[in-house]
Amino acid sequence: MLIAQITDIHLGFEQDNPDEFNRQRLDATLRALCELTPRPDLLLATGDLVDAGDDSVSYARLRDALAAMPFPTYLAVGNHDGRTAFAEIFPDVPRPDGFIQYAIEDHDLRILVLDTFEEGRHGGNYCETRAAWLRERLAEQPGRPTLIVLHHPPIDSGLSWMTENPDAIWVDRLHSVIAGQTNVVAMIAGHLHRPITTSWAGTTLAICPSTAPQVALDLDEIDPESPDDRPMIVADPPYYAIHVWNGRTLVTHFDTAEDHNVIARYGPNLQPLVRKLMAEKIPSPQRGEG
């Protein structure tokens, strides 16, 4: 099973420009996903879908951009989103208790999409109502492998101006739900505009970079009272993730939606190497056997 992920699209950064920079980056990313062989089984867009949460025009443009995708797309919300405008354009996305949370049940790997949006807060939130929903969903099928999808990574990433407080109440609440769950195989998120992998609450957390411009890698502390001219946003290419569920583990790959300079192709000159590597995958007898 192949799961594509895009995140932090930020459509409407230039509200009056339907051909804005972020739309061009999104379209390039969607083209790259459609050209993959094999194609993904589904696409997850994990929040900050638009730049201003009350902008239904940008949500409509997102809907139109995704309409031609040859596989289903599922949406999550982030801190730049807004539930009212989102629901106006995407009325069929479930909203239990008013939160955009739902299960994707169509594959061997179950996917639970969470809502970590909190009005006016950059770092997100996860209240007890949302946590109760997640507990119930995980308890429904305790033996089924499950992927958790959310916008906000509940970690201290080291990016001092973007990262969450690991002692935030919502982080502790979510940790109490996830920790010890044997059916949670991984978590995926966005928000930080950088490729990051770590472990959290006993599982893997993979953070996808954005289709919009990326955050500069800077692990130095930042002083809110002393601007120091450091790079903060960089125009690196738009990224996406491909998560491979092989029936045992989730394996994550990151790539960019740009042309790559190919320096080797699979021709007769590389066939001996490929044959050798494939032969090594055949299990050999253990010592003492045969």
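Side notes on the structure shown:
- Pairing residues of region 115-143 that are farther than 12 Å from residue 99 by Cα with residues that are β-branched (Val, Ile, Thr), at Cβ distances under 8 Å and at least 6 apart in sequence or on separate chains, gives 124/116; 135/177; 138/146; 138/177; 138/184; 142/182.
- Tally of residues being polar (S, T, N, Q), part of a loop (DSSP other than H, G, I, E, B) and either free of Cβ contacts under 8 Å to residues at least 12 places away in the same chain or loosely packed, with under 15 Cβ neighbours inside 10 Å (or both) across region 173-182: 1
- The residues in region 106-144 that are polar (S, T, N, Q) and either part of a strand (DSSP E or B) or over 22 Å from residue 198 (Cβ atoms) (or both) can be counted, and the count is 2.
- Residue list for region 1-57, filter: touching a strand residue (DSSP E or B) at 6+ places or on another chain (Cβ under 8 Å) and basic (Lys, Arg): 23, 39
- Matching option when the condition is at positive phi, more than 17 Å from the chain's Cα centre (by Cα) and modelled with pLDDT of 95 or more, among 47, 98: 98
- Taken over region 113-134, the criterion of being touching a Ser or Thr at 6+ places or on another chain (Cβ under 9 Å) and either surrounded by fewer than 20 Cβ atoms within 10 Å (Cβ to Cβ) or among the polar types (S, T, N, Q) (or both) is satisfied by 123, 125, 131.
- In region 183-216, the residues that are without any contact (Cβ under 8 Å) to a residue 24 or more places away in the chain and over 16 Å from the mean Cα position of the chain (by Cα): 216
- Single residue of 192, 147, 159 found to be in a loop (DSSP other than H, G, I, E, B), surrounded by 21 or more Cβ atoms within 10 Å (Cβ to Cβ), in contact with a strand residue (DSSP E or B) (Cβ under 7 Å, 6 or more places away or on another chain) and hydrophobic (A, V, I, L, M, F, W, C): 192
- Residue count for region 217-245, restricted to those that are touching a residue at least 60 places away in the same chain (Cβ under 8 Å), touching a strand residue (DSSP E or B) at 6+ places or on another chain (Cβ under 9 Å) and of a type in the set (Val, Ile, Thr): 2
- Filter result (in a helix (DSSP H, G or I) and surrounded by 14 or more Cβ atoms within 10 Å (Cβ to Cβ)) within region 162-172: 170, 171
- Qualifying residue in region 50-65 (condition: out of contact with any Ser or Thr (no Cβ under 8 Å at 6 or more places or on another chain), modelled with pLDDT under 95, buried (at least 16 other Cβ atoms within 10 Å of the Cβ) and acidic (Asp, Glu)): yes
- Unmet criterion (only one of (1) hydrophobic (A, V, I, L, M, F, W, C); (2) surrounded by fewer than 22 Cβ atoms within 10 Å (Cβ to Cβ); (3) assigned to a strand (DSSP E or B)) for residue 45: (2)
The values are calculated or read from the model by the stated rules, or taken from the named source; none is laboratory data. Not measured: the values here are computed from a predicted model. Note that each Cβ is placed from the backbone with ideal geometry, even for glycine, and that neighbours are counted across all protein chains shown.
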